[in-house]
Amino acid sequence: MRPKDLMFTIGLMTGFFTLHLLLNSIVPMEQVSVYVRNGNHRLNGHNAHTEPSKRNNSAGNSPNSARILCWIMTGPKYLESRTKHVKATWGKHCHKVLYMSSVKTDFPTVELNVSEGRENLYWKTIRALQYIHQHHLDGANWFLKADDDTYVVVENLKYILSKFDPEKPLYMGRRFKPFISQGYMSGGAGYVLSKEALRRFVRGFHTGECTHFSTIEDMAVGKCMETMKVEPVDTRDMKGRQTFHSYPLDHYVIRQQRRPRPWHMIYDYYTPIEGPNCCSDLVVSFHYIYAVQQYVLEYLTYHLRPYGYIYRFRPDESVEADNKTNRGA
Amino acid sequence: MKPLGSRFSFYVGFVVGTVLLYVILRPVWFEGIQLAGNYGKLSDRQQQLDKDKGIWKKERSALFNLDHPHHTGEDSRMADKLYNKVRILCWVMTGPNNLETKARHVKYTWSRHCNIVVFMSSVEDPDFPTVGLGTKEGRDQLYWKTIKAFHYAYEHHANEADWFLKADDDTYVIVDNLRWMLANHTPDEPIYFGRRFKPYTKQGYMSGGAGYVLSREALRRFVEGFKNKVCTHTTSVEDLAMGQCMEKVGVLAGDSRDTTQRETFHPFVPEQHLTAKFPKSFWYWSYCYYPISEGPNCCSDVSVSFHYVDAGGMYLLEYYAYHLRAFGYRYRYQPPTPKAYRLELSNSLDSAGELKEEISGVKEHGDDDLPRPDQGQDAGPPPVVGKDAAAAPV
């Protein structure tokens, strides 16, 4: 009798777990929220992410006052094929731009005294931030990290930053959920440190509170930010649309059948939206934008537009006017 | 007996375990996976039909726009005015095999900005809806389809639109910019616009893929031309044949470039016009009527069309054209207000523009600082933008 029951139970458990395993490999738990009508979680005016007192204040933090230092993570291998095009397109819109490499050149690039390679990315980041802290801290009040295949609309970033105080410890970008309890910002989509955040990062390494514990650059920066009590910011616009993107537009705006969260959205902290409401009109960044695509995006952002529309100055105040259901696009 | 018995128990247990988990997970599981096949398609189709109700009125195989403007909450007075005054019927050349893969995406993106849109196919489809032209499919049928399509548009919609645009199901059109371009003309002029090519004809002809638009008078003459046998099916090369007929019936081939001589209709995707270095032997060089600019001066800020745009590209371009913009940015080119609309609106538009700049305080501007052709008023002779500007890096 006993062996029989035992075998039965073992069989039961085996069957149970096998099916469970099978299903889990096809069906991750979360769903992609396909369509958010009216961005309803934004409408009530309660914004956990922006400091309420700063929202309507343009005097103290007018767009003029956000001075952004852009530093581009690159290397000798990519100067011709990628970085050159960043320099020719959006690099020019930054208040100051630095190209961080392992080798000093006339590009001009900054030499970081770190070798190339994926496993050295965090070392490069640490050295780059220390370099900036040492030489350029007073030259800017916000510090953007981007890759040589990131495309950034600097004006839109300025607009977002104008609502915040650079003397507060803040950290913005495409927020990811895993590994760090307060989340961390995607490296490829670009992330921004406030002046105070940069100070804390450097201090953290000085005191040993932050260390090189991983080669995964963006996650490691996030850990240091958490340790040094730097706050991550929700950079979505008033309709809940994302501004920083870790992939090109086609991964987000083309709506597919309702399905479990696809691989490229698995890490997203906020439930990603697929379809025309994925991305803010005043988008800040896209990633995996190579060479010629930089010029294409430059044209599409700064030139191509439909005639006859005067866009309102303050897109935040669209809430009351926008009662019509968003049909998208 | 014993070993057999316990193995049997194992199997039974396995089956029971599997079934149990299945039963428990079933509600969650089916929610997650959209079943392929009929079930998925039916509900999808139903959703689409419901969505359509708010956007169009379907009548006589045409879709009449109900939903303009598309920028809710923005100041669209000028766009609205042009929408009402410059009425465009868009007809899209497609076929039964392309409805799901291509035409559908045209339908849900740029065709929503037309006053009326008609999808022309060889076979009628009352649901989509498409018009059945009674031809076969294939490249050699293109001019037959075009002839019949224009005749259909004339017979059914001549009084409901001022201009008649032909586009492919892989053409992306920014209809608001087309209205700007046409606003300085009237539908009684015998004229048509597109990307002008020069060979084989005296006055040139318009590229088919980039799309072309006929005035109502041009359309009337086209139909008359076939009635009087002045025009016939000369060749299956649709755009050339069209150009030949237009020439014969006295319709002028218009210059569709903006006031800085940048092209507005484009036979390729933006990427190619902006960055590709076409080899000098490529046909494009010898076909274009006007001098070609490579780089950022290839394409007007108020471009009208791009060709060879795939399904996904439709959604991308819709976002890029209608949504993506840089905050507070002063554009390199301010399209002059069309003459007929100047007195009515230009004053209020100007003051709004100035107010915007004041508040934003950000005076960034484009690199190739052409002398701004207007302060809202008449452009005067446009500065020639030729090889010099093309040399600038951005």
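The values are calculated or read from the model by the stated rules, or taken from the named source; none is laboratory data. The structure displayed is predicted, hence computed values, not measured ones. In this analysis, Cβ positions are derived from the backbone assuming ideal geometry, glycine residues included, and neighbour counts consider all displayed protein chains.
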Qualifying position, being polar (S, T, N, Q), more than 14 Å from chain B (Cβ to nearest Cβ) and in contact (Cβ under 8 Å) with a residue 60 or more places away in the chain, among A:SER285, A:SER246: A:SER246
All positions within region A:70-113 that are out of contact with any helix residue (DSSP H, G or I) (no Cβ under 7 Å at 6 or more places or on another chain), without any contact (Cβ under 8 Å) to a residue 24 or more places away in the chain and not in a helix (DSSP H, G or I): A:LYS104, A:ASP106, A:PRO108, A:GLU111
Of all residues in region A:80-90 being under 23 Å from the mean Cα position of the chain (by Cα) and away from chain B (no Cβ under 12 Å), the one that is surrounded by the most Cβ atoms within 10 Å (Cβ to Cβ): A:THR83
Every residue from region B:263-299 that is crowded, with 21+ Cβ neighbours inside 10 Å and in contact with a helix residue (DSSP H, G or I) (Cβ under 8 Å, 6 or more places away or on another chain): B:GLU263, B:THR264, B:HIS266, B:PRO267, B:PRO270, B:HIS273, B:LEU274, B:PRO296, B:ASN297, B:CYS298, B:CYS299
Count of region A:148-188 residues which are buried (at least 24 other Cβ atoms within 10 Å of the Cβ), assigned to a strand (DSSP E or B) and not polar (S, T, N, Q): 7
Number of the exception - A:VAL36 against (1) over 30 Å from B:VAL19 (Cα atoms); (2) surrounded by 14 or more Cβ atoms within 10 Å (Cβ to Cβ); (3) of a type outside the set (Asp, Glu); (4) at pLDDT 50 or above: (4)
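Could you pull out the residue among A:ASN24, A:ASN61, A:ASN47, A:ASN56 that is in a helix (DSSP H, G or I), at pLDDT below 80 and either surrounded by 14 or more Cβ atoms within 10 Å (Cβ to Cβ) or more than 8 Å from chain B (Cβ to nearest Cβ) (or both)?
Result: A:ASN24 is the single residue among A:ASN24, A:ASN61, A:ASN47, A:ASN56 that is in a helix (DSSP H, G or I), at pLDDT below 80 and either surrounded by 14 or more Cβ atoms within 10 Å (Cβ to Cβ) or more than 8 Å from chain B (Cβ to nearest Cβ) (or both).
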Checklist (1) within 26 Å of B:ALA183 (Cα to Cα); (2) in contact with a Phe, Trp or Tyr (Cβ under 8 Å, 6 or more places away or on another chain) applied to B:LYS248, failing item: (2)
Check on B:ARG60, of a type in the set (Lys, Arg), at pLDDT 95 or above and farther than 20 Å from B:GLY209 by Cβ: no
Test for B:GLY328: is it surrounded by fewer than 18 Cβ atoms within 10 Å (Cβ to Cβ) and of a type outside the set (D, E, K, R): no
Subset tally (residues that are more than 14 Å from every other protein chain (Cβ to nearest Cβ) and within 16 Å of the chain's Cα centre (by Cα)) for region A:126-159: 9
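Given B:VAL251, B:VAL269, B:VAL230, B:VAL237, which one is under 20 Å from the mean Cα position of the chain (by Cα) and of a type in the set (Val, Ile, Thr)?
B:VAL269
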Residues of region A:249-261 classified as more than 9 Å from every other protein chain (Cβ to nearest Cβ) and under 20 Å from A:SER285 (Cβ atoms), total: 2
